[in-house]
Amino acid sequence: MNQLSFGKKSVISREKWRINREQLEKNKTKYKLKWTKNKYLSYIDVAIECFGLWLKLTGQYKRGIENAKEIQVKELELKFKNLPDAFNNYKILHLTDLHIDTIPGFEERIIKKIKNLNYDVCFWTGDYRKYTSGDYQQVKEPLKKIIENTHAPDGVFGLLGNHDTWQMVGDLEDIGIEMLINESIILEREKQEILITGTDDPHYFPSKYHEQALETEKALFKIALIHSPEMYEEAATNAYDLYLCGHTHAGQVCLPNGFAPLKNLKKGKQFLSGLWKYKSMIGYTSPGCGVSGLPVRFNTQGEVTLITLKKGV
């Protein structure tokens, strides 16, 4: 029977992390434009809203919304020679970038996709709301509905993205997501173990704590859960075997040839979407379930990802 072999390991207390994260969030907000009492927009947010107006004027907006609503189940089999035998055929459900308040009722579409899937554990890698600041209470109920329809024997683990505030952590844990804030846990099966590390978002809120969280023992099979692919070097240096992330939406709005005008990455732009490898580490950048900014997609498709770990070369 699977179980957590011991509690979470943290390189820093959550209180110290909270103080640091709160200050970083304040620093981000002060450079934004105040839109309403509880809503601030960055200059890129304004540009996105203008693009949305152009889509409406050209008659493309509705088509973009329909594209965004069509999510798929992407199934992957990944082979690792050092995977413990007890975890052969271990299944991971990966959800990321839900931005659940962008499209009304979007949680029902996600539930429809996951309700008949079989998996052992579920990982959520951040970005639960539409905007990067302001209210977040509106996402609690739809997220709770998804959790109630998530059947993961080994649990549901999550982390924060760049759209999420430190204030959400308690609420997310209340609805059933075990948050990993620069923390690691070990899953045990038949006395064999794998280690999972989750860090805070490195895109908007880089911190030395993220790197310290990845400095774990090298002997175990290890999975890194990080909102964006931007810490691929640090994870590979610390001998992680699998790196799961999102953030990019695969460009969200791409040209017909797949080129993404906006990659929204400071580093690791070559890992914008899909399966990749860096040194001996395998990575997967999900295009995410939802959409950011505008409720549209062009030449990309949202997904929930079902990953099967296999013993092999």
Of the residues in the stretch 296-313 that are crowded, with 21+ Cβ neighbours inside 10 Å and in contact with a helix residue (DSSP H, G or I) (Cβ under 8 Å, 6 or more places away or on another chain), the one that is nearest to Ala86 (Cα to Cα) is Leu309
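Taking Leu220, is it without any contact (Cβ under 8 Å) to a residue 40 or more places away in the chain, closer than 19 Å to Tyr243 by Cα and out of contact with any Pro (no Cβ under 6 Å at 6 or more places or on another chain)?
Here the answer is yes, as Leu220 does meet what is asked.
Scanning the stretch 249-264 for residues that are of a type in the set (Gly, Ala, Ser) and closer than 19 Å to Gly126 by Cα, which turns out surrounded by the fewest Cβ atoms within 10 Å (Cβ to Cβ)? Write out each step before concluding.
Our first condition is that a residue be of a type in the set (Gly, Ala, Ser); within the stretch 249-264, this holds for 250-251, 258, 260.
Next cut, closer than 19 Å to Gly126 by Cα only: 250-251.
On the way: Ala250: 23, Gly251: 21.
Among them, the one singled out is Gly251.
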Of all residues in the stretch 8-35 being surrounded by 16 or more Cβ atoms within 10 Å (Cβ to Cβ) and β-branched (Val, Ile, Thr), which is modelled with the highest pLDDT?
Ile12
Just give me the residues in the stretch 166-205 being of a type in the set (Ser, Thr, Tyr) and under 22 Å from Ser133 (Cα atoms), in sequence order.
Thr199, Tyr204
Would you be able to say whether some residue in the stretch 129-151 is touching a residue at least 12 places away in the same chain (Cβ under 8 Å), touching a strand residue (DSSP E or B) at 6+ places or on another chain (Cβ under 6 Å) and of a type in the set (A, V, I, L, M, F, W, C)?
no
Exactly one of Asp85, Asp97 is charged (D, E, K, R) and out of contact with any strand residue (DSSP E or B) (no Cβ under 7 Å at 6 or more places or on another chain), and that one is Asp97
Name the residues in the stretch 92-135 that are in contact with a helix residue (DSSP H, G or I) (Cβ under 9 Å, 6 or more places away or on another chain) and hydrophobic (A, V, I, L, M, F, W, C), would you?
Leu93, Leu95, Leu98, Ile100, Ile103, Phe106, Ile110, Ile111, Ile114, Cys122, Trp124
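The values are calculated or read from the model by the stated rules, or taken from the named source; none is laboratory data. Owing to the predicted nature of the structure, the values given are computational and were not obtained by experimental measurement. Don't worry about glycine lacking a Cβ; one is built from the backbone with ideal geometry, like all the others, and counts go over all protein chains shown.
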